[in-house]
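Below are the structure tokens for one structure; questions will follow.
Every read-out reported here was derived from the displayed coordinates using simple, explicitly stated rules and does not represent laboratory data. The model shown is predicted, which means the values in this text are computed figures rather than measured ones. Neighbour counts run over all protein chains shown; Cβ positions are idealised from the backbone, glycine included.
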Amino acid sequence: MYRYDEFDHAFVQARVEEYSEQVERRMAGHITEDQFKPLRLMNGVYLQLHAYMLRVAIPYGTLDSRQMRKLAHIARTYDKGYGHFTTRQNIQFNWPALTDTPQILKELAEVEMHALQTSGNCIRNVTSDHFAGAAADELTDPRPWCEILRQWSSIHPEFTYLPRKFKIAVSGAAHDRAAVRVHDIGLQMRQQNGRLGFEVFVGGGLGRTPMIGKCVREFLPAEDLLAYTTAILRAYNLNGRRDNKYKARIKILVHETGIDALRGQIEAEFERLRGGDLTLPADDVEAIHAYFQAPDLPDRSEEAIALLAQMDADAAFAAWVRQNTSAHRHPDYSCVTISLKGIGDAPGDASAEQMDAVAAIAERFGHDELRISHEQNIALPHVAKGDLKSVFDGLVECGLATANVGLISDIIACPGLDYCALANARSIPVAQDIARRFADPARAEEIGPVKLKISGCINACGHHHVGHIGILGVEKKGTELFQITLGGSADEHTSIGEIVGRGFEYDQLIDAIETVIDTYLELRTERAETFLDTYRRVGAQPFKHALYGAPKEVA
Amino acid sequence: MSDAQAMTVWKAGKFVERDFDLVPVDDYVTSGRPASAVPKLLAGEGVDVLIDAVEGDLSSLAAIALDFPSFADGRSYSKAQLLRSEHAYQGELIAVGDVLPDQVALMLRVGFDVLEATHPVTRTRLAEAGHETTLHTQIAGTSSVKETSGERFSWRRTA
């Protein structure tokens, strides 16, 4: 992983010192809350429903055990003993005292972490595939490019007051685990005539106007990454709408300008920048790549073969291996996902003790590498198959062995009305109740892969538009109402879910979800036909019928 | 803003007498480009408006003012950057409007060299030394802040 040098340390340190002074000025009453607001936001400090919230970046989801232990320490020392991993590879602490936030940032800086650009109308934390550098289906590790983007976008003078926030995701694998088509810029790594580069998508996004990103360039040579990104950002900064917060994202500019006209502007600017100072020198690219060299993974084939016998002997372990591990590029290794979706838990929450335990497991069995996924789970990208049982046993001890990754209870949910000042409805209790309804592991496995995503308001932080099953909480006449969408997806076949009909009240919602699932089980042609496959084959009608009754005969 | 303040702008590290009048781009041309006038490009006007008005000859301008109607409206950062880096504009760039303390460092980096700061806190902070950060992770300008490369990555700058 990337390691700070003196320059990076000094850079982050300067920001911490500046923020510390700003907090002092605020506490002394020299500046008002209104004047302080943009300053704290630049450092990831939000004011939520009940308290200040600090959002810390975990750039492209990569961290080591030392950093995870620091997060645990912060949760224990300055918060209520837990942290919340978000859908954008950040961690949120929900209860810090404002006066402690400078010290928290100082401690984070000691382990090369920061909260820069986790807020505000700037280029936000760059996100990526949580199995980057490990997955069997990967063309190349996207993280060096994420790191270059992270550095280049830090306090970028031209792009700190954009019309709205700006999110970039990079995927280097055939299967898109980074949801690049629902980002402001999505970069899919490609190879063309032996050269490395990116397919560039622009204008994807969720929120109240969900849009799938459009391909603005089929192949961008990798060394032109910053020049092309600058061209896009410049077009957006100059021409993006600023009259209406809800129409200010680049997706609206793409929609209103048209992708061809916008492409023309971007390409013209790119032509002026191409070959100039923004071109990435091969030496720099190589130096960044050196930080991301894969750990030494010796062959351990005999143990890998023994795994089957271990699974035969332990049904719970076998279920966990089936659900929570996936193919590593080395056949003797697996990528492990640690579910933060224990039945009845708040999705994405981890206690300080759990963070410490996971750090110890990563150190001992995972080459000291940890990842946070946008699906709010933790991943260990490199675990020898021979160590899976030890990892599982360790996770059982700390209550993190739930074998539900990719299943219906592996739910993405925003914080909702429990924490968020914007929310109209609860999210976490909905997720908890759905998980409880489908708590039987055998039944959940029989249902198979379902991505269920819940947002507590139209801003769609829970990504409901791209859930196979999406739930959107709204407020109607003072009560919560939940709309169900079906058929969304955020991978290489991205689609926006379709609203099936009128919303459900809280106490009918879980039954309605069960009706959707039962309908799928009746309709599927075989066990291998997933929920999404079935939906795409039959459409919304049978589900509408099951939820709302037979359509009225037309006279 | 007091009259005394109205007389000064921040330039090259200190407050100096304000010796210009801001005029709309159209008026600047139609009034025969008086020496004391500085064309002010509104946030919604592109750089091309100015270039067309001076028939492509930006070097004929000693100063250009770019407007920040609100600190959150960042269009003039890109315009300053474009004027400096793509149009090789060498004259003064004046930031006018909602010029607040925490944007000053960004403005200087993209190439502004004169700030019309009316906000009292901004004026106080500008008068204090050392408000700029010195380490940067991207190229910007060419600005009045002299930045050097030579760091291990090409995108780094120190000032």
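Could you put A:Glu138, A:Glu17, A:Glu375 in order, starting from the residue whose Cβ has the fewest other Cβ atoms within 10 Å? Can you show the working numbers first?
Numbers: A:Glu138 21, A:Glu17 15, A:Glu375 26.
Taking fewest neighbouring Cβ atoms as first place, the list is A:Glu17, A:Glu138, A:Glu375.
Moving on to the next point. What is the Cα centroid distance between segment A:164-218 and segment A:1-24, reported in whole angstrom?
Centre-to-centre distance over Cα atoms comes out at 30 Å.
Taking Cα centroids, how far is segment A:503-555 from segment A:462-476 in Å?
With segment A:503-555 and segment A:462-476 each reduced to a Cα centre, they are spaced 16 Å.
Once each part is reduced to its C-alpha centroid, what is the distance from segment B:41-72 to segment A:316-364 in angstrom?
Segment B:41-72 and segment A:316-364 have Cα centres spaced 56 Å from each other.
Sort A:Ser119, B:Ser70 so the one with the fewest other Cβ atoms within 10 Å of its own Cβ comes first.
On the way: A:Ser119 20, B:Ser70 13.
So the ranking, lowest neighbour count to highest, is B:Ser70, A:Ser119.
Using the C-alpha gyration tensor of chain B, what are the square roots of 5 times its eigenvalues, in whole angstrom, with the largest one first? Let's see the in-between values first.
On the way: eigenvalues 125, 86, 33 Å².
Largest first, chain B gives 25, 21, 13 Å.
Quick one: plug the Kirkwood hydrodynamic radius of the protein assembly as shown (C-alpha pairs) into Stokes-Einstein at 10 °C, 1.306 mPa s, and report D in µm²/s. Let's see the in-between values first.
Details: Rh = 27.0 Å.
Result for D is 59 µm²/s.
Right, next: Could you put B:Phe20, A:Phe131, B:Phe68 in order, starting from the residue whose Cβ has the fewest other Cβ atoms within 10 Å?
B:Phe20, B:Phe68, A:Phe131
Dipole size in debye (nearest 20) for segment B:56-103 around its Cα centre, Lys and Arg Cβ +1, Asp and Glu Cβ -1?
100
Go through the protein assembly as shown and flag any cysteine with no other cysteine's C-beta closer than 4.7 Å, please.
If one checks each Cβ against the other cysteines of the protein assembly as shown, A:Cys122, A:Cys146, A:Cys215, A:Cys335, A:Cys398, A:Cys420, A:Cys457 turn up with nothing under 4.7 Å.
Determine the calculated [θ] at 222 nm for chain A from helices alone, applying -39500 (n - 2.57) to every DSSP H run no shorter than 4 residues and normalising by the residue count; nearest 500 deg cm²/dmol. Before the final figure, lay out each step's value.
Details: 18 runs with 212 residues, N = 555.
Using -39500 (n - 2.57) per qualifying helix, the result is -12000 deg cm²/dmol.
Sticking with this structure for a sec: If you restrict to DSSP beta bridges whose two residues both lie in chain A, what percentage is antiparallel, to the nearest 5?
On the way: 53 of 66 bridges.
Of all bridge pairs located within chain A, approximately 80 percent are antiparallel.
Rg to Rh ratio, segment A:59-168, alpha-carbon atoms and Kirkwood radius?
Details: Rg = 15.0 Å, Rh = 15.3 Å.
Dividing the radius of gyration by the Kirkwood radius yields 0.99.
Reachable lysines from A:Lys106, Cα under 22 Å, same-chain residues fewer than 8 places away excluded?
A:Lys37, A:Lys70, A:Lys80
Please give me the summed charge of the neighbours of A:Ala315: other residues whose Cβ is under 12 Å from its Cβ, Lys and Arg +1, Asp and Glu -1.
Details: positive: A:Arg322; negative: A:Asp312, A:Asp314, A:Glu445.
Cβ neighbours under 12 Å give a net charge of -2.
Here's something else I'd like to know. Treating segment A:176-245 as a set of equal point scatterers at the Cα positions, no solvent, please give the Debye-formula log₁₀ I(q)/I(0) at q = 0.27 Å⁻¹.
So the normalised log intensities work out to -1.25.
Could you calculate, for segment A:434-555, the ratio of the Cα radius of gyration to the Kirkwood radius, expressed as Rg to Rh?
Numbers: Rg = 14.3 Å, Rh = 14.9 Å.
When Rh is taken as the Kirkwood radius, the ratio is 0.96.
Lys and Arg at +1, Asp and Glu at -1: add these up for the other residues within a Cβ distance under 12 Å of B:Gly97 and post the number.
Computed value for this residue: -2.
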